[in-house]
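This report refers to the structure that appears directly beneath it.
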Amino acid sequence: MPDDILINAKGLSKSYRMGQETIRALVSVDITVKKGEYVAFMGPSGSGKSTLMNIVGALDTPSSGSYVLNGNDVSKMSESDLATVRNKEIGFVFQTFNLLPRYSALENVALPLVYAGYSKSERNAKAKKALEDVGLGDRAGHRPNELSGGQRQRVAIARALVNDPSIILADEPTGNLDSKTSYDIMALFKNLNEKGNTIIMVTHEEDIAAYARRIIRLRDGVIESDMPNEHIRSVTPD
């Protein structure tokens, strides 16, 4: 596999049993993502985009097919190995921020480094740098309830960045934000991508997907289209 290929998924399928019925959430999906790409998974509810995100994020394994991430076949890994992959390879950004309320911004950002085995001084130094990179160096001691929604999402992005992951995986990252704050977060993602970070964003919103450089559209568990975005949206309000 070429060195610039980060994700190589072939024939990904995922089925669930619900009572007597079998739900086919993904049906033989093929995806390749190169290092440094900025991709949006797009589709309505039930399209399979969340299932695909869970497999790409090593939160779930496919029923069939292969998924190679950064040269490692993730599709057959144990839960313990998947947890290691999630910690080292993937930085998650969620719609609901998922910050611990009693922890400061610095402590929240440093949390993934605890599991990675860094010393406290190393954790604090890396977390401080990550907060500075998202423009929140002066908010390190603040708890989530002392921050705005946009600032909380920036803390979540700093936490996603702190372990130098292969992928930033953002699930509806502007879903709880107003329009102005959404522009700010999209500007931050654009800046991170221009610095070389690979970003995969999951969204059902056309105006948010329009910021990505490539859009993969899913419907009924299959890829409907996979195209470069020829009309990338500006990160300033129109």
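Of the residues Arg154, Arg143, Arg213, Arg139, the single one that is touching a Leu at 6+ places or on another chain (Cβ under 6 Å), at pLDDT 90 or above, on the phi < 0 side of the Ramachandran plot and not hydrophobic (A, V, I, L, M, F, W, C) is Arg154. Going through the range 110-124 one residue at a time, which ones are surrounded by 16 or more Cβ atoms within 10 Å (Cβ to Cβ) and either over 14 Å from Asn87 (Cβ atoms) or touching a residue at least 60 places away in the same chain (Cβ under 8 Å) (or both)? Asn124, the sole residue that qualifies. Considering the range 4-28, and only residues there that are charged (D, E, K, R) and under 18 Å from Tyr67 (Cβ atoms), the residue that is surrounded by the most Cβ atoms within 10 Å (Cβ to Cβ) turns out to be Lys14. Among residues belonging to the range 153-186 that are in a helix (DSSP H, G or I) and β-branched (Val, Ile, Thr), point out the one that is farthest from Arg86 (Cα to Cα). Restricting to residues being in a helix (DSSP H, G or I) and β-branched (Val, Ile, Thr), the top hit is Thr181. Considered as a group, the residues in the range 76-91 that are closer than 24 Å to Glu172 by Cα and touching a strand residue (DSSP E or B) at 6+ places or on another chain (Cβ under 9 Å) include one that is surrounded by the most Cβ atoms within 10 Å (Cβ to Cβ), and that residue is Gly91. Among residues of the range 1-21 that are on the phi > 0 side of the Ramachandran plot, those with a beta-carbon under 6 Å from a residue that is of a type in the set (Gly, Ala, Ser) at least six positions away or on a different chain give the pairs Gly11/Ser28; Gly11/Gly65. Every listed requirement among (1) touching a helix residue (DSSP H, G or I) at 6+ places or on another chain (Cβ under 8 Å); (2) surrounded by fewer than 20 Cβ atoms within 10 Å (Cβ to Cβ) is met by Ala127 save one, (2).
The sole residue among Leu161, Leu218 that is surrounded by 19 or more Cβ atoms within 10 Å (Cβ to Cβ), farther than 24 Å from Arg102 by Cα and touching a residue at least 60 places away in the same chain (Cβ under 8 Å) is Leu218.
Within the range 192-220, being polar (S, T, N, Q) and touching a helix residue (DSSP H, G or I) at 6+ places or on another chain (Cβ under 9 Å) holds for Asn197, Thr203. Quick check on the range 201-215: of everything there that is outside any loop (DSSP other than H, G, I, E, B) and within 16 Å of the chain's Cα centre (by Cα), which residue is surrounded by the fewest Cβ atoms within 10 Å (Cβ to Cβ)? Filtering the range 201-215 for residues that are outside any loop (DSSP other than H, G, I, E, B) and within 16 Å of the chain's Cα centre (by Cα), the one surrounded by the fewest Cβ atoms within 10 Å (Cβ to Cβ) comes out as Arg214. How many of the residues in the range 29-64 are assigned to a strand (DSSP E or B), in contact with a helix residue (DSSP H, G or I) (Cβ under 6 Å, 6 or more places away or on another chain) and of a type outside the set (Gly, Ala, Ser)? Residues flagged as assigned to a strand (DSSP E or B), in contact with a helix residue (DSSP H, G or I) (Cβ under 6 Å, 6 or more places away or on another chain) and of a type outside the set (Gly, Ala, Ser) within the range 29-64 amount to 3. Looking only at residues of the range 1-29 that are among the charged types (D, E, K, R) and more than 24 Å from Asn197 (Cβ to Cβ), we find that the one that is modelled with the lowest pLDDT is Arg17. Gly150 falls short of the stated requirement of being in a loop (DSSP other than H, G, I, E, B) and out of contact with any Phe, Trp or Tyr (no Cβ under 9 Å at 6 or more places or on another chain). Residues that are touching a residue at least 24 places away in the same chain (Cβ under 8 Å) and of a type in the set (A, V, I, L, M, F, W, C) were ranked within the range 125-135; the one that is farthest from Ile157 (Cα to Cα) is Ala127.
The values are calculated or read from the model by the stated rules, or taken from the named source; none is laboratory data. What you see is a predicted model; the values in this text were computed from it and never measured. Note that each Cβ is placed from the backbone with ideal geometry, even for glycine, and that neighbours are counted across all protein chains shown.
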